[in-house]
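One structure below.
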Amino acid sequence: MNGPFWRGNCRYPLSGRRRSARNREIGVIADRAKSSPNSSTLEYLSLTIMGLRAICQCGLTVVPLPFEPKGLFVCHCLSCRAQSSSAFGLSAFYPANSLGELPPTLKKWQRPTDSGYTIDNMFCERCGTRVLHVNSRGYIAVKGGTIEGTEKLDWSKAVHLYTRTKLPWVVIPEGAQQYEAEMPR
C-alpha cells in the first residue's frame, strides 16, 4: 500500500495522522518507557506488542494477557447469549489477580449466577464493550471476541457449558467436553 501515509508496504504511518488506537497506545507506552525506563513499563510494552491482549471496540480499554488462558469455554446460557448478541459466549479463563491491575476505563455491574455466586461484568466506559467478567469463585473470564489473536487459541478444545439452552442449530464438536449447566467443582 503506497501513499502519503504509508512507507512502502509496511503499515507504519509517516506522521501522527491516521494512527490506529493500537499504534497510538504503543507510541504512548514507548514514550513513557524512554522517559522512565522502569521494569513494569518495559514489561507492559513487551506484552502489548508480543503477547495476546483484550481490547474494546473503540480501543480505549486494553488488557494485556501475559500468558495463554487456563481454559477456554463456550457458554450457551441465556445471559452469555444476550451479552454477546449471538448464539453463545466465548471466554478465556485466567486465575483471579493474574492479569494485574485492570484498567480504570473498565466499569462494572454485578449480577448473581445460578449457583448463588456473583459476577462483576466489566465493560469499557466509552463504547460499552464487555471485555471480561470477574467471578467470586476465583477466576477472570476474558470475552473471546475481544482477544486480538483469538484465532491462535484452540477453540476446538473448549468446554461447552449450559448445553441445555443451546440453540438447536449450533453444532458442538464431537468429543468436546460439555455440561448441561455449570461445570462441576
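We did not get these values from a lab; they are worked out from the coordinates using the rules stated. The structure presented is a predicted model; accordingly, all values stated were derived computationally and were not measured. Cβ placement follows ideal geometry from the backbone for every residue including glycine, while neighbour counts extend to all protein chains displayed.
Values for this structure:
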quantity: Under-5 Å amide H pairs with Tyr139, H placed in peptide plane, nonlocal only; calculated: Ala96
quantity: Estimated vicinal HN-Hα couplings, Hz - the stretch 128-133 in sequence order (Karplus 6.51, -1.76, 1.60; Gly, Pro = x); calculated: x, 4, 6, 9, 7, 10
quantity: Sorted by Cβ neighbour density within 10 Å, fewest at the top, the residues Val63, Val170; calculated: Val170, Val63
quantity: Compactness of the stretch 71-165 - radius of gyration and Dmax, Cα, Å; calculated: 12.8, 37
quantity: Extension gain from Trp169 to Asn135, taking 0.36 nm per residue of separation minus the Cα-Cα distance; calculated: 9.3 nm
quantity: Model label zone, Ala82; criterion: amide N under 16 Å from point 7 Å along Cα-to-beta-carbon; scope the stretch 127-166; calculated: 130, 165-166
quantity: Phi-based couplings in Hz for the stretch 169-185 (Karplus 6.51, -1.76, 1.60; Gly and Pro marked x); calculated: 8, 7, 9, 8, x, 4, x, 5, 5, 8, 9, 5, 9, 5, 6, x, 7
quantity: Other-chain or far-sequence residues with amide H under 5 Å of Ile119's (modelled H); calculated: Arg111, Thr113
quantity: Cut-off under 5 Å, modelled amide H: who pairs with Arg53 long-range; calculated: Leu65, Glu148
quantity: Lysines with Cα under 29 Å of Lys143, excluding same-chain neighbours fewer than 8 positions away; calculated: Lys70, Lys107, Lys108, Lys152, Lys157, Lys166
quantity: For the stretch 78-89, 3J(HN,Hα) per residue [Karplus equation, 6.51 cos²θ - 1.76 cosθ + 1.60, θ = phi - 60°, Hz, x = Gly/Pro]; calculated: 5, 5, 5, 4, 5, 5, 8, 6, 8, 6, 6, x
